[in-house]
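The values are calculated or read from the model by the stated rules, or taken from the named source; none is laboratory data. Just so we're clear, the structure is a prediction, and the values are computed from it rather than from any experiment. Here the Cβ positions follow ideal geometry from the backbone for every residue, glycine too, while neighbour counts run over all protein chains shown.
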Amino acid sequence: MSAAPDPRAAARAVDSLRRGWPVTIGSGDAALSAYAVETGDAGGLQAFDPDGGASLLLSAGRAATLKLTNQAAAATPDGPVQIARALWLDFDLATALANPRLDLQTPLKGPFRAEPVTEPDLAATLLQLARVAGLLPAFFVLPGGKPDFTPDDLTALEAPANLRIAARARLPVSAAEDSEIIAFRGPGGDEHVALIIGQPDGNPPLVRLHSECLTGDVLGSLKCDCGPQLHAAIHAMSDAGWGILLYLRQEGRGIGLINKLRAYSLQDQGFDTVDANTRLGFAIDARDFGIAARMLELIGQRRIRLLTNNPAKVDTLRAQGVDVVERIAHQLPPNPYNERYLATKRDRTGHQL
Ligand SMILES: Nc1nc2c(ncn2[C@@H]2O[C@H](COP(=O)(O)OP(=O)(O)OP(=O)(O)O)[C@@H](O)[C@H]2O)c(=O)[nH]1
Ligand SMILES: [Zn+2]
C-alpha cells in the first residue's frame with residue numbers, strides 16, 4: 001500500500017537540508033540517505049559516514065565541467081553522477097567539487113572513480129530537492145535508511161494545483177493607481193502575487209509573467225533587463241486600460257538568489273549565463289510556468305495577450321489550457337552591461353526578439 005503524497009514531508013526535507021541535517025529519500029523498497037555538501041561540515045560528515053563508505057553525488061552538468069563521466073551519465077546525459085569516496089575525498093575537497101567558484105584556481109586532486117548511480121531516480125530527486133532548497137546540487141549519499149520523504153512528496157510540494165489565493169487588497173502603484181494585488185500561497189510556503197491593473201473591459205488582458213529578480217527589480221542592476229521590463233509592463237497595462245502582472249517567485253530562473261549570484265561570479269570569470277548555470281550543476285532554466293497558468297485560472301482569466309520574448313512561456317501556458325491569443329514582444333534597449341546577456345538569450349535560449 002502506498003500512502004498519498006505528503007508535501008509536508010518534502011517541505012521538512014527542504015528545511016533539513018537548509019539546516020545541514022541529513023535526509024533519507026525512499027521509494028518502494030529503495031532508500032538513499034543524503035548529506036548536503038553546501039550546508040554540511042566535516043564533523044557532520046563524520047557522523048553521517050563514520051566508515052568513509054559514502055559516495056559523492058553530483059549533477060551531470062557539474063560532472064561534465066569537472067570532466068568526470070561514467071557509463072550511467074552517458075546513458076542519461078542529464079542524470080546524476082556518483083563518485084566513490086576515497087580516503088582523500090574529505091569535506092573540503094567535496095566542497096571544491098560542488099562549488100565552481102574555485103574551479104579555475106584549484107588544481108583538483110584525483111583521480112576520481114565514477115561508479116554506477118545506486119538509485120538513479122532517488123538521486124535525481126535529491127538534486128531537485130537541492131534546487132528547491134536553493135543549495136548547490138551535491139550530496140554525500142549512503143544506500144538505505146528510514147525514508148523521510150518520497151519523490152511523489154516533492155512533486156506534490158511543487159504542484160501548481162495546490163496554489164491558493166491567500167489575500168487581496170487595493171494597491172495603488174505609481175504607474176497605475178487603479179490596481180489590486182492578489183497574493184497566492186503554495187504548499188511549500190511559496191508566495192506569488194498578481195497585480196491586476198485597471199478594470200476588465202471585455203478584451204483579453206495584457207499579461208506579463210515576471211520572474212523575481214532582486215538585483216534587477218529592486219537594486220536596479222544593469223546586468224539584466226528585468227527592472228526595465230517590469231516597469232515597462234506595468235506602464236503598457238496601464239496604457240491598455242487593463243492587464244495582469246504575475247510576479248513569480250522564481251529568482252534566478254528558479255535556482256534561487258544565492259545560486260544566481262554564484263552564476264554572476266562565474267560570469268565575472270567570462271562564462272555566459274547558460275554556461276554559468278551548467279557549471280553550477282543546474283538546468284539552464286529551472287522554472288515551471290505552470291504556476292502562472294494556475295494563477296490565471298484562480299483569477300478567472302484564461303484568454304490573454306502575453307508580453308514576452310520567451311517561447312517557453314507561451315508554450316507552457318497553452319499546454320495548460322490558457323488561450324494566448326497574441327504574443328507581444330517585450331524588448332528594451334540594451335546597456336553596455338547586459339548586451340551579452342541579451343545576445344545569449346537570443347542565440348542560446350531561443351528568445352524571439
Ligand atoms: N540563473 C540566472 N538567472 C538570471 C540571470 N540573469 C537574470 N536571471 C533571472 O532570470 C529571470 C528573468 O526572467 P524573465 O524576465 O521572466 O525573462 P525571460 O525568461 O527572459 O522572458 P521574457 O523577459 O518574458 O522574454 C529572473 O528570475 C532573473 O532573476 C543569470 O545570469 N543567471
Ligand atoms: Zn534580472
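General observations
- Of the listed requirements (1) within 10 Å of ligand 1 (Cβ to nearest atom); (2) part of a loop (DSSP other than H, G, I, E, B); (3) within 19 Å of the chain's Cα centre (by Cα), D288 misses just one: (1).
- Residue tally, condition more than 20 Å from N259 (Cα to Cα) and out of contact with any helix residue (DSSP H, G or I) (no Cβ under 6 Å at 6 or more places or on another chain), over segment 31-47: 6
- Meets criteria (out of contact with any strand residue (DSSP E or B) (no Cβ under 9 Å at 6 or more places or on another chain), at pLDDT 95 or above and not in a loop (DSSP other than H, G, I, E, B)) for R168: no
- Here R302 clears all of (1) more than 13 Å from ligand 1 (Cβ to nearest atom); (2) out of contact with any strand residue (DSSP E or B) (no Cβ under 7 Å at 6 or more places or on another chain); (3) of a type outside the set (V, I, T) except the condition numbered (2).
- Hey, E119 surrounded by 18 or more Cβ atoms within 10 Å (Cβ to Cβ) and among the acidic types (D, E) or not: yes
- Evaluating I181 against the criteria (1) of a type outside the set (F, W, Y); (2) surrounded by 15 or more Cβ atoms within 10 Å (Cβ to Cβ); (3) in a loop (DSSP other than H, G, I, E, B) leaves one unmet condition, (3).
- One residue stands out among those in segment 324-353 that are hydrophobic (A, V, I, L, M, F, W, C) and in a loop (DSSP other than H, G, I, E, B): the one that is farthest from G243 (Cα to Cα), which is L353.
- Taking first residues from segment 248-275 that are more than 21 Å from A343 (Cβ to Cβ) and touching a residue at least 24 places away in the same chain (Cβ under 8 Å) and partners that are within 11 Å of ligand 2 (Cβ to nearest atom) and outside any helix (DSSP H, G or I), the Cβ contacts under 7 Å between residues at least 6 apart in sequence or on separate chains come to L248/H210; L248/S211; L248/E212; R249/E212; Q250/S211; Q250/E212; E251/E212; E251/C213.
- Among residues of segment 212-237 that are under 16 Å from N338 (Cα atoms), those with a Cβ under 6 angstrom from a residue that is near ligand 2 (Cβ under 8 Å from one of its atoms) and charged (D, E, K, R), sequence gap 6+ or separate chain, pair up as C226/D217; G227/D217; L230/D217.
- Helices (runs of 4 or more DSSP H) within segment 222-269 that include 2 or more residues within 7 Å of ligand 1 (Cβ to nearest atom) and either surrounded by fewer than 19 Cβ atoms within 10 Å (Cβ to Cβ) or charged (D, E, K, R) (or both): 251-254, 257-268
- Every listed requirement among (1) within 15 Å of ligand 1 (Cβ to nearest atom); (2) within 25 Å of the chain's Cα centre (by Cα); (3) assigned to a loop (DSSP other than H, G, I, E, B) is met by G321 save one, (1).
- The single residue among T278, T308, T316 that is polar (S, T, N, Q) and within 16 Å of ligand 2 (Cβ to nearest atom) turns out to be T308.
- Residues that are surrounded by fewer than 21 Cβ atoms within 10 Å (Cβ to Cβ), more than 20 Å from V314 (Cα to Cα) and either within 16 Å of ligand 2 (Cβ to nearest atom) or of a type outside the set (S, T, N, Q) (or both), drawn from segment 190-215: D190, E191, G198, P200, D201, G202, L214, T215
- Here the strands (runs of 3 or more DSSP E) wholly within segment 20-69 that include at least 1 residues being surrounded by fewer than 20 Cβ atoms within 10 Å (Cβ to Cβ) and touching a Lys or Arg at 6+ places or on another chain (Cβ under 9 Å) are 23-27, 30-36.
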